[in-house]
1. Which residue pairs have Cβ atoms under 9 Å apart, sit 6 or more places apart or on different chains, and have a first residue in region 128-151 that is over 21 Å from Thr84 (Cβ atoms) and open to solvent by 30 Å² or more (accessible area, probe 1.4 Å) and a second that is within 16 Å of the ligand (Cβ to nearest atom) and among the hydroxyl-bearing types (Ser, Thr, Tyr)?
2. So Leu214 ticks every box in (1) open to solvent by less than 30 Å² (accessible area, probe 1.4 Å); (2) over 16 Å from Glu47 (Cα atoms) but one. Which box is left unticked?
3. Which residue is nearest to the chain's Cα centre (by Cα), if the candidates are limited to region 87-120 and must be away from the ligand (no atom under 16 Å from the Cβ) and surrounded by 20 or more Cβ atoms within 10 Å (Cβ to Cβ)?
4. Anything in region 51-68 that is crowded, with 23+ Cβ neighbours inside 10 Å and either of a type outside the set (S, T, N, Q) or at pLDDT below 95 (or both)? List them, or say none.
5. Which residue, of Ile52, Ile38, is touching a helix residue (DSSP H, G or I) at 6+ places or on another chain (Cβ under 8 Å), within 16 Å of the ligand (Cβ to nearest atom) and within 30 Å of Ser213 (Cα to Cα)?
6. Could you check region 251-289 and list, in sequence order, the residues that are farther than 22 Å from Trp171 by Cα, crowded, with 16+ Cβ neighbours inside 10 Å and at pLDDT 90 or above?
7. Tally up the residues in region 324-335 that are open to solvent by 30 Å² or more (accessible area, probe 1.4 Å) and under 14 Å from Leu298 (Cβ atoms), please.
8. Quick one: Thr84 ticks every box in (1) out of contact with any Asp or Glu (no Cβ under 7 Å at 6 or more places or on another chain); (2) of a type in the set (S, T, N, Q); (3) open to solvent by 30 Å² or more (accessible area, probe 1.4 Å); (4) more than 16 Å from the ligand (Cβ to nearest atom) bar one, so which box is it?
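The values are calculated or read from the model by the stated rules, or taken from the named source; none is laboratory data. Computed from a prediction, not measured in an experiment: that's the story for all the values here. Positions of Cβ are backbone-derived with ideal geometry, glycine not excepted, and every protein chain shown enters the neighbour counts. What goes into the accessible areas is simple: the full protein's heavy atoms, side chains included, and nothing from ligands, DNA or RNA. Shrake-Rupley method; radii C 1.70, N 1.55, O 1.52, S 1.80 Å.
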Amino acid sequence: MKTNPAFKSSGLNPDPSELLQDETIDIKLLRELKGQSILSVHQFTKEMVCEISKLAALLQCTKVSDYNPLQGQIIITAFFEPSTRTRLSFESAVHRLDGKVISIPEGKTTGVAKGESLSDIGEMFNAYGDAVVIRHTETDSLDLIGENLRIPLINAGNGSGEHPTQALADWFAILKWKPELKQASIPEDKKIHLGILGTPASMRTVNSFLRMSLLFKDNIKKISIVSELANPFGEELQELINNSGVEFEINNDIKEVLPDLDVVYMNSIAFLGDNYRSLDSNFKIDSKSKLKKDAVVLHPLARLDELDTTLDSTRHNLYFTQAHGAVFIRQALFISVLDRFGKLPIEEINEAVTPALELELTT
Ligand code: CP
């Protein structure tokens, strides 16, 4: 097996092979995803997130495409809401593994325009593909499309609900940056202070990111939420947070907490439905902001003026790595959900990734 040419984003590019040092990939655990729909972060454990990230790291380092792992598989991407990254990274993931894609780039090109129900569309998908990736404006869209669906369904964002594969991409970037976070527990001075700018109760990326972050609670010193709202969580998330034992605080000015943050998770908080509003400086950062020297910034993108382009060329920029790494996370998900491990020389890979990734495998 050959190594992949290193792809460099602007900003910080942590080496994915760092995630594989002295590790094997627990394929048995990943096989538990076989045939599963991926709807919510609550389906994941910390161990599962780490194993998916390690498989994604392997896919980033090695030319697994030579083994054509998705050959013969058809993935349906059904997007009833605009997307730049999610649809294209899912489709790129499939193409790079030699699968095929059929796509609905916008809902109005389907029978929905004539009043067709999502549950009837779901019934059709059973015959057309082996898995379906859906994004929709409505939170209950997953229930409706799932009524008649018998192939795995991957949630690519359901209204103000969740975006679980984005959270996987977020944590893949964080784990590449600080691989020790996958350990059960790390020394107190190594734990991270996480800042999240946004409203978890109504923003799906923030919601899913926060839920996944709680899986890593033993390695998190504190979580600060920067929001205009006094209670940005809603009832269920508030309970989850209370039960987590993690120290939490809510601020309404990013400047108050920024100098202490190790990870800053921004969001497109300026969007309000199809419109956006201008933000005041409480919710914006740029290269002059008082970031800790080694702090990293994540953003699911698209951005507006909350995240200034002057940060793009700095080592704080982990958001391009986060977006580009999503291709490998989505490849790892397809290989797991469709159980394509039989196409990969996994035992040889596991031998080769321990202790260092020097792959010169031939099969
Ligand atoms: N991160 C994300 O969901 O981006 P898109 O809206 O472009 O898919």
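1. Thr139/Ser160
2. (2)
3. Leu97
4. Glu51, Ile52, Lys54, Leu55, Ala56, Ala57, Leu58, Leu59, Gln60, Thr62, Val64
5. Just one listed residue meets the conditions, Ile38.
6. Asn251, Lys284, Ser289
7. Number satisfying all stated conditions: 1.
8. Single failed check for Thr84: (4).
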